[in-house]
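Peer 1: Handing you this structure, nothing more for now.
The values are calculated or read from the model by the stated rules, or taken from the named source; none is laboratory data. No experiment lies behind these values; they were computed from the predicted model shown. FYI the Cβ positions are ideal-geometry reconstructions off the backbone, even for glycines, and counts take in every protein chain you see. Surface areas here come from the heavy atoms of the whole protein model, side chains and all, with no ligands, DNA or RNA. Shrake-Rupley method; radii C 1.70, N 1.55, O 1.52, S 1.80 Å.
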Amino acid sequence: MGEDLKVIVFALGNEEYGIEVDKVRTIERMLPITRVPKTPAFIKGVINLRGVVVPVIDLRGRFGLPETEPTENSRIIIVAVNELEVGFIVDAANDVIDMNTDAIDSPPEVVGGIKAKYLRGVAKMGDDRLLIMLNLAEVLNRSEIIQIEGLED
């Protein structure tokens, strides 16, 4: 039998994604972002979060979606991966839900290619709602983590 999870639900365009609550430090409104030269386009820069410099990634850019201007609903989700704090810009952070790991299926083969590696799986939420669970370790792969750690120095 699977274990219970608490999941933060956020939106990118019309899709809903989930990150386990225990990986999320805080959810912030949009803050001023300082651009850092010579970083990939999806790394928007760094923010000063209560005295800590945190790199910020636009998840739309990371997933190859068209980037949009931040709105009133846009949020920065601060996550912790291997002692590293990173902010993800999302269109909206909607909800916290309880879920059982049994509800998470492997990503469908058809998704394939580069995007599938970012997915932990797809959770069925009721009859007509799917939640795409992120694999944070892949969203921040090793070479990018090294690049991001350089931003914090």
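Peer 1: Check which residues have an amide H placed less than 5 Å from Val81's amide H, if you skip close sequence neighbours.
Peer 2: Amide H neighbours of Val81, under 5 Å, 5+ apart: Val86.
Peer 1: Using alpha carbon centroids, what distance separates the stretch 9-49 and the stretch 69-91, in Å?
Peer 2: One Cα centre to the other: 2 Å.
Peer 1: Apply the Karplus curve 6.51 cos²θ - 1.76 cosθ + 1.60, θ = phi - 60°, to the phi angles in the stretch 83-99 and return the couplings in whole Hz, x for Gly and Pro.
Peer 2: Taking θ as phi minus 60°, the curve returns 6, 10, 9, 9, x, 10, 7, 10, 5, 6, 10, 8, 6, 10, 10, 9, 8 Hz for the stretch 83-99.
Peer 1: Which residue, chosen from Leu5, Gly61, Thr34, occupies the Cα position most advanced towards the positive end of the dipole of the stretch 4-152, where the dipole is computed from +1 (Lys, Arg) and -1 (Asp, Glu) charges on Cβ about the Cα centre?
Peer 2: The one lying farthest along the dipole's positive direction is Thr34.
Peer 1: Where is the GNM fluctuation largest for the chain (alpha-carbon springs, 10 angstrom cutoff): Ile19, Ile27, Ile77?
Peer 2: Greatest mean-square fluctuation among the candidates belongs to Ile27.
Peer 1: Just for the chain, what percent of DSSP beta bridges are antiparallel, to the closest 5? Intermediate values should be presented prior to the final figure.
Peer 2: Working: 41 of 46 bridges.
If we restrict to bridges inside the chain, about 90 percent are antiparallel.
Peer 1: Next question, about the same structure. Which of the three applies to the chain, rounded, prolate or oblate, going by the alpha-carbon gyration tensor with a ≥ b ≥ c and a/c under 1.5 meaning rounded?
Peer 2: Prolate.
Peer 1: Looking at Ile104, Leu130, Gly18, which one has the Cα that reaches farthest to the positive end of the dipole of the chain (charges on Cβ: Lys, Arg +1; Asp, Glu -1)?
Peer 2: Of the listed residues, the answer is Gly18.
Peer 1: Add -39500 (n - 2.57) for each DSSP H run of 4 or more in the chain, then divide by its residues: what number comes out at 222 nm, to the nearest 500 deg cm²/dmol? Write out the running numbers ahead of the final one.
Peer 2: On the way: 4 runs with 23 residues, N = 153.
Helix-only estimate at 222 nm: -3500 deg cm²/dmol.
Peer 1: Any idea what the dipole of the stretch 4-152 comes to, in debye rounded to 20, about its Cα centre with Lys/Arg Cβ at +1 and Asp/Glu Cβ at -1?
Peer 2: The dipole of the stretch 4-152 has a size of about 560 debye.
Peer 1: Summarise the accessible area of the chain (1.4 Å probe, protein heavy atoms) by the percent that is carbon and sulfur.
Peer 2: Numbers: 4250 of 8540 Å².
Exposed carbon and sulfur together represent 50 percent of the surface.
Peer 1: Please return the longest range in the chain lying between exposed loop sites, taking trypsin sites (Lys or Arg not before Pro), DSSP loop only, at most 11 other beta-carbon atoms within 10 Å, and leaving the sites out. Write out the running numbers ahead of the final one.
Peer 2: On the way: sites that count: Arg35, Lys38, Arg50.
In short, 51-153.
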